[in-house]
Each structure stands twice: as structure tokens, then as C-alpha cells.
Amino acid sequence: MAAAMVAAVHGVGRQDRSSPGGGGAPQVDTGKYVRYTPEQVEALERVYGECPKPSSLRRQQLIRECPILSNIEPKQIKVWFQNRRCREKQRKEASRLQTVNRKLTAMNKLLMEENDRLQKQVSRLVYENGYMRQQLHNPSVATTDTSCESVVTSGQHHQQQNPAATRPQRDANNPAGLLAIAEETLAEFLSKATGTAVDWVQMVGMKPGPDSIGIIAVSHNCSGVAARACGLVSLEPTKVAEILKDRPSWYRDCRCVDVLHVIPTGNGGTIELIYMQTYAPTTLAAPRDFWILRYTSGLEDGSLVICERSLTQSTGGPSGPNTPNFVRAEVLPSGYLIRPCEGGGSMIHIVDHVDLDAWSVPEVLRPLYESPKILAQKMTIAALRHIRQIAHESSGEMPYGGGRQPAVLRTFSQRLSRGFNDAVNGFPDDGWSLMSSDGAEDVTIAFNSSPNKLVGSHVNSSQLFSAIGGGILCAKASMLLQNVPPALLVRFLREHRSEWADPGVDAYSAAALRASPYAVPGLRAGGFMGSQVILPLAHTLEHEEFLEVIRLEGHSLCHDEVVLSRDMYLLQLCSGVDENAAGACAQLVFAPIDESFADDAPLLPSGFRVIPLDGKTDAPSATRTLDLASTLEVGSGGTTRASSDTSSTCNTRSVLTIAFQFSYENHLRESVAAMARQYVRTVVASVQRVAMAIAPSRLGGQIETKNPPGSPEAHTLARWIGRSYRFHTGADLLRTDSQSTDSSLKAMWQHSDSIMCCSLKAAPVFTFANQAGLDMLETTLIALQDISLEKILDDDGRKALCTEFPKIMQQGFAYLPGGVCVSSMGRPVSYEQAVAWKVLSDDDTPHCLAFMFVNWSFV
């Protein structure tokens, strides 16, 4: 009370920010102090809960409605709300910092354990190196030193590879025998997760940190292929275990998991006998199945362990189901170690170790089954990412897309992926049958006359299949690609649908969702491809996968003397477009939808999947982009250099799988099959043409043909741009220490603001852009010349440019106000200011217009 009396001064009072209700010791702010009663604080808190920032009118209304506040001035009420918002912000920040501190503490513990494991691995390697040296110098000398831990580990590793050699005979067909297998599996799994039973090599680009996915490593020189991950998530161990056991929800290649037997153990754990089927990633190989023992148990330190291994003749145990057309693969001791963290959350260790029987596939495809990086991307990293995604959604910070909750959107992604896998594999038990070919074996046609069995009972299929009878037809093909990064190809196919898609086929697919579908899909001459608008719906935490709606505008097709002009919609899933993700599969899957976009809408997914077959080089992909800029003209010295560099760093192979699905009526099945076969062949030819155009080793030649005659070399253009900017504005655009043309090009290319040039024509199109400009337009140098200036500017931007255009042509430059433009993907981009100036050649003749968008960002 004494402090309150001393603090009384004239003016507006400010309540103490450390007090949750505005009472307590005051903080003086050049005004009289007001002591709020508990009733007054309660009334203010009630209003704050409804509106944290009330207007002046609302505050005056509050004083009138609450007599207990009548002795308080409106300005003092305003200060109370200011302080209350400040305290709320401080509490949130303190909570965030505590969360970051807990993450850093747990990550530090994880890194210390990883360091200990690496030290043990180094000790073992040093010991083995010394032993090998001794054997080479004196082969007759044999060592009996078993003091090093590595001897035990090596023995375990040998036992792991030859389990039948030292394992005593036992009856594994009873619970006691299965428990013995389970405990042995647990020990071997822990030796991989936290020990040195496998030589782990950290994957490039996977750096640990409080917000990173974790520590990712792959196996080196072990039987089968293995991957390992350690990470932190803000979910409790039991919830994490529940998610991980639901494998079809996060492992996209998993077709089904059937738990056939559950056996409780005396220690409180459970043993499960599981039959699992996985999809084949391409039409060129058979799918895999597994017969697995899964053991769930708790450890003395409170950790939860889920480990598993295949039951084989060497391990013993009951025999599992045998399904025709599946190749039996083996799970070597693998699993999940889930440890609780102080303050909440879990620390997860994941080990995936499998033998996929690579010898049963054609030699060219064996890298798909022998690459630990592909295993890491498909299973290990996918599991960790899914858990982090669920944790992020549970926090309530995930924005909803299209008015739908994240779980609903995630279900759409799973249905698209699963539907595409079903189309690629065409399992007979789903109702698929092969149609006879037309003599060529390049395209496979399969049909399904029982589509309701395929789409599931939860989906409303009445839209898709007419009452007179029909089904689903799938045309699919696979091909090998050379020197084309999968991410680059899929990104191009996504951004430039008109390069490969037929609008008539799109219209036929969309018409199947309407009451009166087309009768014959063969007539497409009247159609034209309208513009493509991408409407984002959702994306994963690390943006490695995103769900979106594609609106195809301006279609007009003549069919049977009926003119249709209507927008069409596709639900599209794109993943794997990060070129730096080693072993990642790039995929573009889409399905037609109608305007209602119901949760139970039927989906017939079609699309592309590109999987790398060779190990990814460590050369940074960013250098290729700069080389691209230096090969913009015939005759430049950089052309040969760029081609030779890229050919040496991008000599990779990948397998492309294409599958397109169509609904049909029974009496038109043959016609639809003929159309589908021809369409897939056309798409294959288009993709091959695109692949040749974007292959890094061919980039120089492609851009040479794209450039108009007489255009300057890249470094000359950079010099012209910088010189013209300085001439018109008096300021330097490119600040370089060297006067060489190469340094000018590099400075312009790396400029933080978006710089781009467009032609001086009636319909200006872009001819060049720096890296920031390409990022802003979301395009590549190859596709840049297909974008017009008018297309990216909004109405205000076009009006401002038209107003200032005479000034640009007379004075040479003009400043345009800030505003919003649109990328080639339809995303809005804001910028603070734009500068337009006339670029003059060496003889002072106008060459092009240059634009610089300052401080741009995606809205």
C-alpha cells in the first residue's frame, strides 16, 4: 500500500506488468496509479478474452455497461489492455524459450551419446586396422586379445549375418520360444540403435539442431540395407508408439499390415505375428511381402521399445502366409527406441534393416533395392517426419487449408498415393485384369470391373460409375532416363502441364464426375489448354510434400455438336522436388475432382514417379544454375566448360513410371483402352522431349536455340544492365571489386533483389532473370521466355506501368510503387518498390527493359 501511495502522480496510470490482473506493486508511467479491485480485474479479463484489443468505442461501452469501472478513465482502461497484451506476449515468449531450451538440452544429450558411439566405432576401426596390418606383415601370428569392445561387437555382427551358426536348437513354435527370439531381436536392435553393430555413415545435408529432423545415417558394407535416425518430438512415448505401429499411415509403400496373432509376455510386453505387403515402386518389378515378429516391451529406464524381425527357417517359428506374385523379403533386427524427455516429449531412435532380395529384379533396377539412401527416405525419415507432423498439428499451430482440418487433408494425400500405387501394381485380388496388347509391349493396359472393391466402402463411387455398368482402366509404362535429376523433371512437369497434357483427355476425366459424361473420348481437336492456376491446400512441416488444387481455366471443347466451356479441377500431390535430398523419390500424382470437393469424393489418381537408380553426387546443384547463366549465347567460352562440368557431375540414371486411370462404360471399354494407350505413348514422347531439354549436359544447347538471334552473351547483358542503371539513376546497381565481366555477371546473379529483363515488343516476354528473379517467378531459365510481363502484374501494377511507360522511354527510368504481382505458379508476391529502366547496348540503342523488384516476398 505504501508503494501505491508513493506512486501517485498526475496523468494516466500504468499497471505492473508482472501482475496477472493489473494489481500489485505499480509501474509508474507519468500518471496517477489506479488500484483495481478483484471484481474490476475479473470484468476486464472477461472482455480481454473476447477481444484483446478493444476499440475506443468498445472501451467506452465497457465503462457504461460495468458500473464497477465507472471510476476509471478510458485512457487508463486502454493502458490496462496494453499491459495485458504485453504480459501475454511475454508469457508466450517465455514458454517458447523454455521449449527451445528443453529441445537443446535433449539434443545435447543425443549428440553426446552419438559422440560416444562414434568414439567406440573409431576404437574398433583402429583395432581392426592394427590387426590387419599385423596379419599382412606376419600372417602366421594370431592374436588372442579380446580386451577391445570391438571384438564383441564384431562377433555380434558375424552372428547377425549367420544366425543359424551359433544359435542353439529350440522350439520356436510356442510362446517361450517366440519370447527367446524376441529378446534376441531386442538385443540386436539395441546394438544397432545405440551401439556399433552396423557401420553408420551420416547422410549429407542432415545437420542436427533444435528444429531439424534429427541425425540420419545409412549403413556401409553390411548385409542388406539399413538406415538409422535419431530425433526429438513433442509427443509422449505411448502416442509415438501408437503412430509408428500404424505403418500404412506413414509408409506410403505399405499396402497392408495384418496382425494375425497377439501373445502377451510375462514381463508386460506383447509379441505380435504380422503379415505385411508392400507395393512395387515400378511396373518392372514384383511387390514384396514380409512375415514378421514384432516385440513391444518397456526397459528399466522407462523407455519403450518396439523391435521386429522376420521369421525364417533359420530363426524358427511358425510359417506365414504365402501370396502369389509377391517376393518374400526379410526384416533383419530393426525397430524403435522411444525414450521420455524431461519436461515432456520423446527422443526416438529408429533403425530399419531389410534384405529386399535384390537378385530377383533386373540388374538395372537393383539399385532400388540395394540403396540405403532410398530406404532412409522411404521408411526411416518418413516415419520421423510423420511423427513431427502429427506433433505440429496437435500443437494447434497448423493452419487449415480450404476449411479442412489437417487430418482430413492428410487423408486425401494418403488416398492419392495409395490409389496411384494400386494402379501401378494392379493386384488381381483388387479386381485388376490385363488386356491383350496391340503388339507393342511399351504400354500395359489393365482394367478393373469391380471398382467399388478398389475405392473402398467409405468413398461415394456413384459419381464415377454409371448405372449401366462400367469400371476403371489403367494405362501404364516405365522407362529409364539418363542424366535427369528426378526433382528437376517432376518440378517441370508440375509447372508446365501444357508441355505434356492433352486438354481433351483432361476434359474426359473431368466429365466422368458429372451427370452426363462424354460418350466417346476420341475427339479432341476442338480443345485448347487454358491457363493453369495452382491453389495451395497444405504442405508438410519441411515442405517436402504439398497438396494443392489445380484449376484448369478456359477449356472449350466441341463434342457431338455440344460446346463445353467450364473450369476443371485436379487434386494434386507433389513430393520429392528438393534436389539436395539424396535418394528421394520425386512424384506428381493428381486426380480430377468436381467443385464440391467432398471428403468422400472418389479419386482416380494418375501421374508420374521418378526414382534415382544411382548414388547422388556431392557436387552442389547451385553451381549448375550459375553455369546456366553463363551459357546463354553461342560462342561464349563458358558453354563448353559448363557442359563438361555438368556431364561429369550429373551422370545419373533414374526410372520413370507413368500411370493414367480412366473410368469407362462397358460398351466403350475398347475405345477408352485405345485412347488411353495412345495417350500414354504421347505423354512418354513428351516427357522424353522434356527430359532431353532439361538434362544438365544439354542445357547450353537448349538455351542457345531458345534465345532470339542477336541477343548478347550473358556477361555482356549483365554489363549493359549495370551500366544503364548507373547512367539513368546515377547509382551503382552492381558493386564489385573487379571490373571483369565475369564478376559483373556473378554480382547480378547473386543480387538479393529480383532483376529481370523483358523484350521491347507489343506483348513483352521475359528474356532473362537473376536467381532471385527465378525464385520470385517460381520458374527456370528454360521456361522464363514463356512468361509475359502482363501475366505477372496485377491490375494496379499494369496501370502504374502504363502511366510511367512514357517516362521510362523518355527519361530512361521510373520508380513504380510497391504492390503485389503473381508468380508463374499463381502465388501472390509482394514488393516494396519496383524500378524500371531502359537497357542500352554499346551503341546506345534500346535493347530491352529491365525491372528490379525490391524486398519481395511471398504473401
> Taking the stretch 227-271 as the region of interest, how many residues are more than 20 Å from Glu183 (Cα to Cα), of a type in the set (S, T, N, Q) and more than 22 Å from the chain's Cα centre (by Cα)?
Replying inline: 1
> What are the pairs, 6+ residues apart or on separate chains, where a residue within the stretch 181-194 that is among the hydroxyl-bearing types (Ser, Thr, Tyr) has its Cβ under 7 Å from a residue that is part of a helix (DSSP H, G or I) and open to solvent by less than 20 Å² (accessible area, probe 1.4 Å)?
Replying inline: Thr194/Arg117
> Among the residues of the stretch 849-859 satisfying the criterion of being touching a residue at least 40 places away in the same chain (Cβ under 8 Å) and outside any strand (DSSP E or B), which is least open to solvent (accessible area, probe 1.4 Å)?
Replying inline: Trp856
>> Among the residues of the stretch 67-110, what is the count of those that are surrounded by 15 or more Cβ atoms within 10 Å (Cβ to Cβ), within 18 Å of Gly345 (Cα to Cα) and of a type outside the set (Val, Ile, Thr)?
In response: 6
>> Could you tell me how many of the residues in the stretch 828-855 are at pLDDT 90 or above, in contact with a helix residue (DSSP H, G or I) (Cβ under 6 Å, 6 or more places away or on another chain) and more than 11 Å from Trp720 (Cα to Cα)?
In response: 2
>> Which of the numbered conditions does Gly819 fail, given that it passes all the others? Conditions: (1) assigned to a strand (DSSP E or B); (2) crowded, with 21+ Cβ neighbours inside 10 Å.
In response: (2)
> Any idea which residue in the stretch 329-378 is modelled with the highest pLDDT, counting only those that are over 19 Å from Cys254 (Cβ atoms) and among the acidic types (Asp, Glu)?
Replying inline: Glu370
> Do you know which residues across the stretch 33-50 are assigned to a loop (DSSP other than H, G, I, E, B) and either touching a Phe, Trp or Tyr at 6+ places or on another chain (Cβ under 6 Å) or open to solvent by 50 Å² or more (accessible area, probe 1.4 Å) (or both)?
Replying inline: Arg35, Thr37
> For the stretch 574-601, what are the residues that are within 13 Å of the chain's Cα centre (by Cα) and outside any loop (DSSP other than H, G, I, E, B)?
Replying inline: Cys574, Ser575, Ala586, Gln587, Leu588
>> Let me spell it out: the conditions are (1) of a type outside the set (Ser, Thr, Tyr); (2) outside any strand (DSSP E or B); (3) at pLDDT below 75, and Leu541 meets all of them except one. Which number is the exception?
In response: (3)
> Name the helices (runs of 4 or more DSSP H) wholly within the stretch 741-794 that hold at least 3 residues that are surrounded by fewer than 16 Cβ atoms within 10 Å (Cβ to Cβ)?
Replying inline: 741-749
> Just to be sure, is Leu571 buried (at least 17 other Cβ atoms within 10 Å of the Cβ), at pLDDT 50 or above, assigned to a strand (DSSP E or B) and assigned by the TED database to the domain that holds His496?
Replying inline: yes
> Among the listed residues Leu299, Leu260, Leu273, Leu284, which satisfies the condition of being hydrophobic (A, V, I, L, M, F, W, C) and surrounded by 19 or more Cβ atoms within 10 Å (Cβ to Cβ)?
Replying inline: Leu273
> So how many residues does the stretch 801-848 have that are in contact (Cβ under 8 Å) with a residue 40 or more places away in the chain, aliphatic (A, V, I, L, M) and over 26 Å from Ser498 (Cβ atoms)?
Replying inline: 4
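The rows are residues; the columns are (1) within 24 Å of Val218 (Cα to Cα); (2) in a strand (DSSP E or B); (3) without any contact (Cβ under 8 Å) to a residue 12 or more places away in the chain; (4) not assigned by the TED database to the domain that holds Ser95.
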residue: Met276; (1), (2), (3), (4): yes, yes, no, yes
residue: Ile292; (1), (2), (3), (4): yes, yes, no, yes
residue: Arg309; (1), (2), (3), (4): yes, yes, no, yes
residue: Thr315; (1), (2), (3), (4): no, no, no, yes
residue: Arg366; (1), (2), (3), (4): yes, no, yes, yes
> in a loop (DSSP other than H, G, I, E, B) and either of a type in the set (Lys, Arg) or under 25 Å from Arg255 (Cβ atoms) (or both), is that true of Pro324?
Replying inline: yes
> Are any residues in the stretch 802-815 in a helix (DSSP H, G or I) and open to solvent by 20 Å² or more (accessible area, probe 1.4 Å), and if so, which ones?
Replying inline: Cys802, Thr803, Glu804, Phe805, Pro806, Lys807, Met809, Gln810, Gln811
> What's the number of the condition Lys761 fails, among (1) closer than 29 Å to Gln532 by Cα; (2) without any contact (Cβ under 8 Å) to a residue 60 or more places away in the chain; (3) touching a strand residue (DSSP E or B) at 6+ places or on another chain (Cβ under 9 Å)?
Replying inline: (3)
>> What's the number of the only condition in (1) under 22 Å from Ser371 (Cα atoms); (2) surrounded by fewer than 22 Cβ atoms within 10 Å (Cβ to Cβ) that Glu184 fails to meet?
In response: (1)
> Across the stretch 682-698, what is the number of residues that are modelled with pLDDT of 90 or more and surrounded by fewer than 16 Cβ atoms within 10 Å (Cβ to Cβ)?
Replying inline: 1
>> Given the criterion aromatic (Phe, Trp, Tyr), surrounded by 21 or more Cβ atoms within 10 Å (Cβ to Cβ), touching a Pro at 6+ places or on another chain (Cβ under 8 Å) and modelled with pLDDT of 50 or more, identify the matching residue among Phe546, Phe590.
In response: Phe590
> Does at least one position in the stretch 118-140 carry a residue that is over 17 Å from Arg228 (Cβ atoms), open to solvent by less than 80 Å² (accessible area, probe 1.4 Å), in a loop (DSSP other than H, G, I, E, B) and modelled with pLDDT under 75?
Replying inline: yes
>> What are the pairs with Cβ atoms under 7 angstrom where one residue, in the stretch 497-519, is under 18 Å from Leu473 (Cα atoms) and the other, located anywhere, is modelled with pLDDT of 80 or more and part of a loop (DSSP other than H, G, I, E, B)? Sequence gap at least six, or different chains.
In response: Leu513/Asp594
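Just one of Asp737, Asp753, Asp794, Asp732 is of a type outside the set (S, T, N, Q) and modelled with pLDDT under 85; which is it?
Asp737
The values are calculated or read from the model by the stated rules, or taken from the named source; none is laboratory data. Quick caveat: nothing in here was measured; it's all calculated off a predicted structure. Cβ: placed from backbone, ideal geometry, glycine included. Neighbour counts: every protein chain shown. Heavy atoms of the whole protein, side chains included, go into the accessibility calculation; ligands, DNA and RNA do not. Shrake-Rupley method; radii C 1.70, N 1.55, O 1.52, S 1.80 Å.
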